[in-house]
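Reading through the structure tokens given below for one structure.
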Amino acid sequence: MPCEAPNCSHTVSPGSRLCVGCRRAVHQELRRLPELYLDCEGRLVGSRRGLVERVTSTRSVGIALNDDAVRIRTDILDVLSSWCTLVIEDLRVPGPENRTVTGLARTLDRHLTWLAGHPAAGDFAAEVLELAATARRVIDHGSAQPRLLGTCERPGCTSTVYLRPDNSPGNRVSCAAGHVWQPHEWLSLSRRMHHAAAPVAPGGTGRDRRWVGSAP
């Protein structure tokens, strides 16, 4: 019987639908997914569509979330959760205490022998391998040059704020004067920069503008 993993025709052992090599590959990627998930966090800020975007304009101002990084992080959690639900319900075993990538991946790895013999083993292997491959593409796609975001909004500071790539010295979002914004501050910074840059309609204020946003 041939292996049911994608692009593999090796023979499998009795009771398994995955060959030794593909099963080892799935095991290795399950162990790596938590780290890949965290590394993708460093790619959340990118040069694609703005997180907060003015409806009446295509101008991109402020911090933008990398759609691919957001999507793969969501997919990793959702896919691992789905397979964990299958394991927990069919085997009636306890799941991870918290819905974290680390806990989910460990649970699946613990029951990999059972999953390798399940009728959906090929789908399981394909999804885990694709998650890891996609995460690596997102991580490797980072910009090489700092990107100008706008003027620093710290009191009394007029320096320029930059988004810097992961491999550059300095902090990811910071200004030339040394003010730094941590990841949990990026969304609020983006909104403030958008409001500061929004043109004011005659007889109105910046608050008269409509905005849309999406959470990571």
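Here, each number is a calculation from the coordinates, and none is a lab measurement. Model, not experiment: these values are computed from the prediction. In this analysis, Cβ positions are derived from the backbone assuming ideal geometry, glycine residues included, and neighbour counts consider all displayed protein chains.
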Check your understanding: Using only Cα atoms, what is the ratio of the radius of gyration of segment 98-149 to 2.2 N^0.38 Å?
Key -> 1.64
Exercise for review: Report ³J(HN,Hα) in whole Hz for each residue of segment 105-120, in order, from the Karplus equation J = 6.51 cos²θ - 1.76 cosθ + 1.60 where θ = phi - 60°; Gly and Pro get x.
Suggested key: 5, 5, 4, 5, 5, 5, 10, 5, 4, 5, 5, 5, x, 6, x, 9
Exercise for review: Note down the nm distance, to one decimal, between modelled labels 7 Å out along Cα→Cβ at Ser9 and at Arg192.
Suggested key: 6.1
Practice item. Give the long-range amide H neighbours of Val161: residues separated by 5 or more places, or on another chain, with amide H under 5 Å away, using H modelled in the peptide plane at 1.01 Å from N. Key: Leu149, Gly150, Thr151, Cys152
Exercise for review: Please give, to one decimal in nm, the separation of the simple spin-label points placed at Val20 and Met1, each 7 Å out from Cα toward the Cβ.
Suggested key: 1.8
Revision key, fill the gap. Counting only residues 5 or more apart in sequence or on a different chain, those whose built amide H sits under 5 Å from that of His111 are none
Review point. Using a simple spin-label model with points 7 Å from Cα along the Cα→Cβ vector, what separation in nm is obtained for Leu77 and Thr151?
Key: 3.7
Revision key, fill the gap. Calc'd 3J(HN,Hα), segment 81-86, phi into Karplus 6.51 cos²θ - 1.76 cosθ + 1.60 (θ = phi - 60°), Hz, glycine/Pro = x, comes to 4, 4, 5, 5, 4, 4
